[in-house]
Amino acid sequence: DGWRVYATCRHPAEAVELQRLTKIYSALSLHRLDITVQEDICGIHREMEGIPLDLLINNAGVCFEGNDLGPDSVAYDVWRRTLEVNTIGTVRVIETLQGNIYLSKQDRLIVVISCDVGKIEEPDQLVKNHYYRSSKAALNVAAQGLVAGLKLRQIGLLLLHPGEVITRMGSDEGIPPHNSVDGMRKLIESFSLDRSGCFQRYDGTFLSC
């Protein structure tokens, strides 16, 4: 659609699909970024210095196996890593690149890809993936905490739940990635600042606002 896209990933040399796209689209460039590594955060800050960004999409996330909490089986290293990526890493990226968003002369928007499992369920409901769920709940709260300050700079923030998508990290059942992306793109295109802080599913359903 004519956008200039800066794509990031942890290991550009191994990102075969992204490399293929850079050969097709001259307006797409690939950059190294592990959002849990301070050197990478500083590196992307230097690379993007002075470059306006109209739209920042935060979609990094992890979900490890064995995420069930028990009184004698808390895997603190796994839980910590999940929080570092899903919660703290996303906030660090927003903090690092919000200046680039502010430089934009267009509508300014930060998108945070989250999940509706980050809601507090009924106490008697059996739930799994506690580390992932708690990290997404923390992300949702943290994102809401950024809304007011960003709005003062005319920067919007939109939380999006992509749905149950068939991906490498997801399950084998659900919707194809292009269905999710098409829905989220429509929500991004129709976004207005008065909806900043809203949490929506890819199909437009409001989870909170």
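Bear in mind that the values in this text are calculations on the coordinates, not laboratory data. None of the values given here were measured: they were computed from a predicted structure. Reconstructed Cβ throughout: ideal geometry from the backbone, glycine too, with neighbour counts over all protein chains shown.
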GluC sites (Glu not before Pro) within the range 149-209, DSSP loop, no more than 11 other Cβ atoms inside 10 Å: E173
Over the range 1-89, what is the mean sequence separation of C-alpha contacts under 8 Å (at least six apart), divided by residue count, expressed as relative contact order in percent? 23 percent
Mind checking the angle between helix 38-47 and the chain's longest principal axis? C-alpha axes, 0 to 90 degrees, to the nearest 10. 20 degrees
Helix-only estimate, please: 222 nm mean residue ellipticity of the chain, summing -39500 (n - 2.57) across DSSP H runs of length 4 or more and dividing by its residues, to the nearest 500. -11500 deg cm²/dmol
Count the lysine pairs in the chain that are 8 or more places apart or on different chains: how many have C-alpha atoms under 19 angstrom apart? 4
